[in-house]
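Student: Please see the structure below; I have some questions.
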Amino acid sequence: MRSSNGPLTDSELFLSVQHFCLQDGPGVRSLVFFKGCPLRCGWCQNPESWSSRPQLAFKDHLCIGCGRCVEACPGSQRRAPGLPPADCRLCFACNEACPSGALHRFGEPACPAAIFRALEPEFPLFRRSGGGVTFSGGEPLLCPAAATELATRLRAEAIPVALETCGLFSLPRALSLLALTELVLFDIKLFDDRSHRHWCGGSNQVIKENLAALAANESVSVWPRLPLIPGATAQSANLDAWAIRLQELGLPYLTIVPYHALGDGKRAWLGMKAGPPIPALSDEMLQSSRDRLAGAGLRVFLPGEEEWELCYEGRRVTGRS
Ligand code: SF4
Ligand code: SF4
């Protein structure tokens, strides 16, 4: 087993830590992003989180053509600025030599102890605001050892931990982390399995099973979140199907997350092909989707508006101040 101060492996990489957030859970929070996700949603705003390996991105608009990346490449694999060549060893020497930020590394082999120390100065603010730390990604449950170790350290200081999940995880492997988690933000997308495979690159069967299992578990507080994607999740039939299912599960509330095309630029930086064309989300579509879900009996919130108490009612709340 890895020592608590040892670096993470490639399958347990952190992407970043985002401080002073007012979404993704109660109060003021910090978000810890893990790298690696089992899904490939066409609208994903964080495609840099898909691979569980470190990645080198190239932002061509920042390149000043100085050639230092070529000089720094120890094995001379790099013969020009740009995305890493096919024979790249991912040593990141070019990234370190680049003066302009045109080359960017995604995925740091930090360790839970280092992340904990980076979060520590914010503990008083978390306590005053009723906030805490939210694990996101990627999929934090793909890194259960690192995530559990960090959660254990936070809980020892009475800092609440929330978890954002795509829902596709091994429940037995997730139990130790879930026991340390105050709140699970559970992403739901396409109810129809065929549509889910088409848009998200995998079946939703396990996701639905995990949602039902967590909803039935009195010790876990679950908050569903639905990205509102025109032509996909925002279709009336999808909204209706989820409204019925959430009521059946005793989760009559959710957050709808409006679509923004933020992932397109990152895909280009990483040399990925463009995602499927998705029309912009109009104000009318946002409102009609909200009305439809509310008409079906759900409490509907936008990010940052949530009344988190709804999901704690009747459940054991761990670590809330
Ligand atoms: S990451 Fe290393 S091997 Fe790859 S191009 Fe950059 S310097 Fe060369
Ligand atoms: S070191 Fe950076 S700025 Fe200079 S040529 Fe390479 S990518 Fe461009």
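Computed from the coordinates by the stated procedures, all read-outs in this text should not be read as laboratory data. Please read these numbers as outputs of a predicted model, since none were measured by experiment. Cβ sites come from the backbone with ideal geometry, for glycine too, and all protein chains shown count toward neighbours.
Student: Using 1/(1 + (r/R0)^6) with R0 = 45 angstrom and r between the beta carbons of Asp264 and Arg173, what's the FRET efficiency to the nearest 0.05?
Tutor: In this case the efficiency is close to 0.85.
Student: Net charge around Ala232, counting only other residues with Cβ within less than 11 Å of its Cβ (Lys, Arg = +1; Asp, Glu = -1)?
Tutor: 0
Student: Does segment 66-144 come out rounded, prolate or oblate by the C-alpha gyration tensor, with a ≥ b ≥ c the root eigenvalues, rounded set by a/c under 1.5 and, if not, prolate when a/b is larger than b/c and oblate if not?
Tutor: Prolate.
Student: Can I ask one more? Which whole-Hz ³J(HN,Hα) couplings does segment 175-190 yield from phi under the Karplus relation 6.51 cos²θ - 1.76 cosθ + 1.60, θ = phi - 60°, glycine and proline marked x?
Tutor: So the Karplus estimates, Gly and Pro as x, are 4, 5, 6, 4, 5, 9, 9, 6, 8, 10, 8, 9, 6, 10, 10, 9 Hz.
Student: In degrees between 0 and 90, to the nearest 10, how far off the longest principal axis of the chain does helix 205-215 point, with axes built from Cα atoms?
Tutor: Here the helix axis deviates by roughly 60 degrees.
Student: Sort largest first and round to whole Å: the equivalent ellipsoid semi-axes of segment 1-154, each the square root of five times a Cα gyration tensor eigenvalue.
Tutor: 32, 17, 15
Student: Right, another one. Work through the residues other than Val257 whose Cβ is under 13 Å from its Cβ and net out their charges, Lys, Arg +1 and Asp, Glu -1.
Tutor: Here the charged neighbours net out to -2.
Student: Let me ask you something else. For Val32, Val220, which order do you get if you count the other beta carbons within 10 Å of each Cβ and list the fewest first?
Tutor: Result, fewest neighbours first: Val220, Val32.
Student: Could you give each residue of segment 220-229 its phi-based ³J(HN,Hα) in whole Hz, using Karplus coefficients 6.51, -1.76, 1.60 with θ = phi - 60°, and x for Gly or Pro?
Tutor: 10, 9, 10, 10, x, 9, 10, x, 9, 10
Student: Before rounding to the nearest 500, sum -39500 (n - 2.57) across all DSSP H runs of length at least 4 in the chain and divide by the residue total; then give [θ] at 222 nm in deg cm²/dmol.
Tutor: The helix contribution divided over the chain gives -9000 deg cm²/dmol.
Student: What list do you get for Glu284, Glu157, Glu164 if you sort them by fewest beta carbons within 10 Å?
Tutor: Listed from fewest to most nearby Cβ atoms, that is Glu284, Glu157, Glu164.
Student: Sort Tyr259, Tyr253, Tyr312 so that the residue with the fewest other Cβ atoms within 10 Å of its own Cβ comes first and the one with the most comes last. Don't skip to the answer; put the middle values down first.
Tutor: Working: Tyr259 22, Tyr253 18, Tyr312 15.
The most exposed by this proxy come first: Tyr312, Tyr253, Tyr259.
Student: Give, rounded to the nearest 20 debye, the magnitude of the charge dipole that the chain has about its Cα centre when Lys and Arg contribute +1 at Cβ and Asp and Glu contribute -1 at Cβ.
Tutor: Computed about the Cα centre, the dipole is about 700 debye.
Student: What distance in nm separates the simple spin-label points at Ser129 and Phe92, each placed 7 Å from Cα in the Cβ direction?
Tutor: Placing both labels 7 Å along Cα→Cβ, they lie 2.8 nm apart.
Student: Hey, how many Å between the Cα centroid of segment 64-133 and the Cα centroid of segment 171-223?
Tutor: For segment 64-133 versus segment 171-223, the Cα centre distance is 31 Å.
Student: What FRET efficiency comes out for Arg197 versus Glu309 if R0 is 35 angstrom and r is the Cβ-Cβ distance? Round to the nearest 0.05.
Tutor: E(calc), rounded to 0.05, equals 0.45.
Student: Additional query: Return the long-range amide H neighbours of Arg299 (sequence gap of 5 or more, or a different chain), with a cut-off of under 5 Å between placed amide H atoms.
Tutor: Tyr253, Leu254
Student: Set the Förster distance to 25 Å, then compute FRET efficiency between Phe20 and Arg105 from the Cβ-Cβ distance, nearest 0.05. List each step's numbers first, then the result.
Tutor: Working: r = 24 Å, r/R0 = 0.95.
Efficiency for this residue pair is about 0.60.
Student: Give me the base-10 log of I(q)/I(0) for the chain at each q in 0.11, 0.14 Å⁻¹, Debye formula, one uniform scatterer per Cα, rounded to two decimals.
Tutor: -0.73, -1.13
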